[in-house]
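Note sheet for the following structure.
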Amino acid sequence: MEFMSDISSGADVYRPSLFELIAQEKLKEMIQPASKYILSVYAQRHPRYLLRIVNWYDELYTVIMLFIERHYLKEW
């Protein structure tokens, strides 16, 4: 349990651990397919409103990620 001693000594609390980095990468990979699936399910129930969004999903997702990453880079 060597990694626990680093946490308790307060070495650098703002530096992410290996587990956090792996979780971040997996989350980033899974958000796009999960949100596309959820949007397509709702588009089947309400096609009049959401069908165009499903057809342009890749472009919309790219624009949303652009704003999120831009905000992150601006803050940090």
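The values are calculated or read from the model by the stated rules, or taken from the named source; none is laboratory data. Quantities reported herein were computed from a predicted structural model and do not represent experimental measurements. Methodologically, a virtual Cβ is constructed for each residue, glycine included, from the backbone with ideal geometry; neighbour enumeration extends over all protein chains shown. SASA here: full protein model, heavy atoms, side chains in, ligands and nucleic acids out. Shrake-Rupley method; radii C 1.70, N 1.55, O 1.52, S 1.80 Å.
Check the stretch 21-43 and report whether any residue there is modelled with pLDDT of 85 or more, touching a helix residue (DSSP H, G or I) at 6+ places or on another chain (Cβ under 9 Å), more than 26 Å from I64 (Cα to Cα) and surrounded by 10 or more Cβ atoms within 10 Å (Cβ to Cβ). No, the stretch 21-43 contains no residue that is modelled with pLDDT of 85 or more, touching a helix residue (DSSP H, G or I) at 6+ places or on another chain (Cβ under 9 Å), more than 26 Å from I64 (Cα to Cα) and surrounded by 10 or more Cβ atoms within 10 Å (Cβ to Cβ). Sort out which residues of the stretch 48-62 are open to solvent by 70 Å² or more (accessible area, probe 1.4 Å) and in a helix (DSSP H, G or I), and write them in order of number. Of everything in the stretch 48-62, those that are open to solvent by 70 Å² or more (accessible area, probe 1.4 Å) and in a helix (DSSP H, G or I) turn out to be R48, Y49, L51, R52, N55, D58, E59, L60, T62.
Identify, please: which residue in the stretch 1-20 is modelled with pLDDT of 80 or more and assigned to a helix (DSSP H, G or I) and is, among those, most open to solvent (accessible area, probe 1.4 Å)? The residue in question is F19.
Close Cβ contacts (under 9 Å, 6 or more residues apart or on different chains) running from residues in the stretch 63-76 that are over 16 Å from K28 (Cβ atoms) to residues that are open to solvent by 90 Å² or more (accessible area, probe 1.4 Å) and basic (K, R) are absent.
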